[in-house]
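For reference, the structure discussed in these notes is given below.
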Amino acid sequence: MELSSSAQVEMYRLMVRIREFDERAVLLSEQARIPGPVHLCIGQEAVAVGVCFTLNRDDCIAPANRAHGYHLAKGAQMDRMMAELYGKVTGYNKGRGGSMHVAAMGLGNLGPNGILGAGAPIAVGAAYACRYYGRGQVVVAMLGDAAAAEGTIHEAMNLAGLWKLPVIFLCENNLYGEFMPLAMHSSIEDISDRAAGYNMPGVKVDGMDVLAVHEAMSAAVARARRGYGPTLLEVKTYRFYDHVGRDYGVSKRPEEEVAYWRARDPIKQLRTLLVERGAFDDAEADRILEEAHAEVEAAVEFAEQSPYPDPSTLLEGVYTEGARA
Amino acid sequence: MSVKKYWEGIVEAQAYEMERDPTIFVAGEDVQMGGLWATERGLFARFGPERVRNTPVAESAILGLGVGAALLGMRPIVEIMFADFMAVCLDQAVNQAAKIKYMLGGEARLPLVVLTHQGAGRSMAAQHSQSLEAWFCHVPGLKVVMPATPYDAKGLMHAAIRDDNPVVYITNKRLLGLRAEVPDEAYAIPLGQASVCREGTDVTVVATGAMVKEALDAATELAQRGVEVEVVDPRTLSPLDSETIVQSVRKTGRVVVAQEAVMFSGFGAEIAAQIADLAFDYLDAPVKRVGAPFCPVPFSPPLEQAWLPDKTQIVARIAELVPVGAASVQG
């Protein structure tokens, strides 16, 4: 399905917002104004945007731990996201989750997982419920090339393929599992080759091309909505920074490799394309960037001004009170 | 009221709840044939393949199925055939089911029942015989029930299904065939409520699961020997009804905590520590425990019998706390 020019401009805006958010977040993390680690999706923005543009609000995602882009792409507000990363009570999770778990059920985000691969069985369960409700909802389970080695992925794919559930397994293959290159942790190069083993189609797509991601994902979503079952969609992508933060200082990837992928920056690619097509001009693109900066700064301000949760609330939210009659 | 087996009560409760709530479904290995332990018997014939689902042998997928469906508003009952296999899918229970609500800031409800089966004594060897309730009690976000009687089995299953949290419902294989008078109508035993199964004045035995019957048998024997034993069954391990336990210890001044699980680092240690803290001024003797020895469950029957705690150990611990009269000639 061909997207309108305005939709493509919206995709561009969303990718820019994601990048600006993450660029700022990592600096704040380095300054310890954001506690704990941040897992950046810089370089991988086209995946979150291409995928989420095919989803409705009530479609669900079960992200992995590199999930800021997905939450924004699912409609999250930057200020509440930033507040969550700061651990403030005004954050989406009231400060209980932080960077690795920032989510909102109301936006269809079931919550990113700090346990790689654990979201896949949960996504299968959510897809089971979606099919029961019969409203055509789908669920997307994110996994990286690293998580593809986890047993839970195989259990989940087998069950989804067996029961033909409306779930899409989205493998972001960024060529590294934590600090290990693909060849060191994966028995195969193309994770999507495994799909046939689970009775579902396996698709590969250039993850730096947001329109290509959108097209491939649209087909998978249509399949799922029509009751034809799951798809394993592998997006070839690359993170411009380290597994955690910008430079963990332990393991360096080859410079030529990083340069190769930076030259295929998804944001630059789309900007060039949209200018060529006359969808916008450089002035508009620059304005979008400025607006994103302003939005990020306002979010930081909101987070900094917000209070921390009160320790007296420590035990709240462990259990749901009451039971049905 | 009619005489029912422990497993029949579990089936009745599920059937009743499934009848009135179409979002309840049962999933697990071989549940369509009624389950290895009969705890799903007849459900497939009554509710069909949409509500009673056979799953692959994939514990993380089974538990994840339950977690995901519960998050989206269904009320799944998933079965893990042997509690030992909870080790295979522990992440889905401990890091997922137990924590999603809290990590999301209290948003989300997870009304999930995880039905599983414990216990030794049937020559099933080390990987099919364990009692692991302590693992689940240790995790904030889970609730844990361990019914010891047919009445409690049915009432706690009603309650577990109706609760909006993940509840680990643990049977003991040796209890499944127990028979007793059980109401025909539906009734839910509140979670977190202990039961005083037998009143006594001289010593309290706090017993769980299969050890409740052993404690009652010990009490019957000791009544002939001049000792009146009070038996308290927590029924729900987490949240624990400390109040009822402490009240009993205040009355008797002496207590034995009995479990089938390995004694070292078992749930009985939590009960014992709470008693020592909350009832110290009422204790006339140290808190004693009964539990299995610190080794895996052996296969060979004489070894397994030596491993399995029963009323003998309970009587022996009580004899360390109170003078016990000679056994009567009639035995």
Evaluate the following for residue B:87: is it more than 24 Å from residue A:121 (Cα to Cα) and free of Cβ contacts under 8 Å to residues at least 60 places away in the same chain? no
Which pairs turn up if I take residues in segment A:152-170 that are at the interface with chain B (Cβ under 9 Å from one of its Cβ atoms) and of a type in the set (D, E, K, R) and look for partners that are part of a helix (DSSP H, G or I) and crowded, with 21+ Cβ neighbours inside 10 Å with beta carbon separation below 9 Å, at least 6 apart in sequence or on another chain? A:155/A:120; A:155/A:121; A:155/A:124; A:155/B:59; A:155/B:60; A:155/B:61; A:155/B:62; A:155/B:64
Return a yes/no flag: does segment A:206-227 have any residue that is at pLDDT below 95, surrounded by 17 or more Cβ atoms within 10 Å (Cβ to Cβ) and touching an Asp or Glu at 6+ places or on another chain (Cβ under 9 Å). no
So, restricting to helices (runs of 4 or more DSSP H) that lie completely within segment B:226-331, which ones have at least 1 residues that are surrounded by 23 or more Cβ atoms within 10 Å (Cβ to Cβ)? B:242-252, B:267-278, B:311-319
Could you list, in sequence order, the residues of segment A:252-263 that are small (Gly, Ala, Ser) and either closer than 14 Å to residue A:175 by Cα or assigned to a helix (DSSP H, G or I) (or both)? A:259
Which one is nearest to residue A:320 (Cα to Cα) among residues in segment B:158-169 that are touching a helix residue (DSSP H, G or I) at 6+ places or on another chain (Cβ under 8 Å) and surrounded by 24 or more Cβ atoms within 10 Å (Cβ to Cβ)? B:166
Condition (residue is within 30 Å of residue A:5 (Cα to Cα), among the hydroxyl-bearing types (Ser, Thr, Tyr) and in contact (Cβ under 8 Å) with a residue 12 or more places away in the chain) applied to segment A:234-251: is it met by at least one residue? yes
For segment A:168-179, state whether one or more residues are surrounded by fewer than 24 Cβ atoms within 10 Å (Cβ to Cβ) and under 17 Å from residue B:68 (Cβ atoms). no
Does segment A:112-142 hold any residues that are at the interface with chain B (Cβ under 9 Å from one of its Cβ atoms), out of contact with any Asp or Glu (no Cβ under 6 Å at 6 or more places or on another chain) and farther than 21 Å from residue B:24 by Cα, and which are they? A:113, A:114, A:119, A:120
Using the structure shown, decide if residue B:208 is within 14 Å of chain A (Cβ to nearest Cβ), under 17 Å from residue B:272 (Cα atoms), under 13 Å from the mean Cα position of the chain (by Cα) and surrounded by 22 or more Cβ atoms within 10 Å (Cβ to Cβ). no
Which of the residues belonging to segment B:72-89 are within 7 Å of chain A (Cβ to nearest Cβ) and either more than 25 Å from the chain's Cα centre (by Cα) or β-branched (Val, Ile, Thr) (or both)? B:72, B:73
List the residue pairs whose Cβ atoms are under 9 Å apart, where the first residue sits in segment B:65-81 and is over 14 Å from residue B:101 (Cα atoms) and touching a residue at least 24 places away in the same chain (Cβ under 8 Å), the second is among the acidic types (Asp, Glu) and part of a helix (DSSP H, G or I), and the two are 6 or more positions apart or on different chains. B:75/B:17; B:77/B:17; B:80/B:59; B:81/B:59
Filter segment B:90-110 down to the residues that are more than 24 Å from the chain's Cα centre (by Cα) and of a type in the set (Gly, Ala, Ser), then identify the one that is farthest from the other protein chains (Cβ to nearest Cβ). B:108
Among the residues of segment B:127-143, count how many are aliphatic (A, V, I, L, M) and within 21 Å of residue B:258 (Cα to Cα). 2
If you go through segment A:238-246 one residue at a time, do you hit one that is among the aromatic types (Phe, Trp, Tyr) and part of a helix (DSSP H, G or I)? no
Would you say residue A:293 is over 18 Å from residue A:49 (Cα atoms), in contact with a helix residue (DSSP H, G or I) (Cβ under 9 Å, 6 or more places away or on another chain) and outside any loop (DSSP other than H, G, I, E, B)? yes
Would you point out the residue of segment A:79-95, among those that are within 30 Å of residue A:136 (Cβ to Cβ) and surrounded by 23 or more Cβ atoms within 10 Å (Cβ to Cβ), that is nearest to the other protein chains (Cβ to nearest Cβ)? A:93
Residue check, residue B:177 touching a Leu at 6+ places or on another chain (Cβ under 8 Å) and surrounded by fewer than 19 Cβ atoms within 10 Å (Cβ to Cβ): no
Condition broken by residue B:162, with the remaining ones in (1) within 8 Å of chain A (Cβ to nearest Cβ); (2) without any contact (Cβ under 8 Å) to a residue 60 or more places away in the chain satisfied: (2)
Counting just the residues of segment A:74-90 that are part of a loop (DSSP other than H, G, I, E, B) and touching a Ser or Thr at 6+ places or on another chain (Cβ under 8 Å), which one comes out farthest from residue A:46 (Cα to Cα)? A:89
Run down A:120, A:104, A:67 and say which single residue is surrounded by fewer than 24 Cβ atoms within 10 Å (Cβ to Cβ) and of a type outside the set (Lys, Arg). A:104
Filter segment B:40-62 for residues that are more than 7 Å from chain A (Cβ to nearest Cβ) and in contact with a Cys (Cβ under 9 Å, 6 or more places away or on another chain); the one that is surrounded by the fewest Cβ atoms within 10 Å (Cβ to Cβ) is B:59
What are the residues in segment A:309-325 that are surrounded by 10 or more Cβ atoms within 10 Å (Cβ to Cβ), out of contact with any strand residue (DSSP E or B) (no Cβ under 6 Å at 6 or more places or on another chain) and at the interface with another protein chain (Cβ under 8 Å from one of its Cβ atoms), if any? A:316, A:317, A:318, A:319, A:320, A:324
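The values are calculated or read from the model by the stated rules, or taken from the named source; none is laboratory data. Note that this is a predicted model, so its numbers are computed, not measured. Don't worry about glycine lacking a Cβ; one is built from the backbone with ideal geometry, like all the others, and counts go over all protein chains shown.
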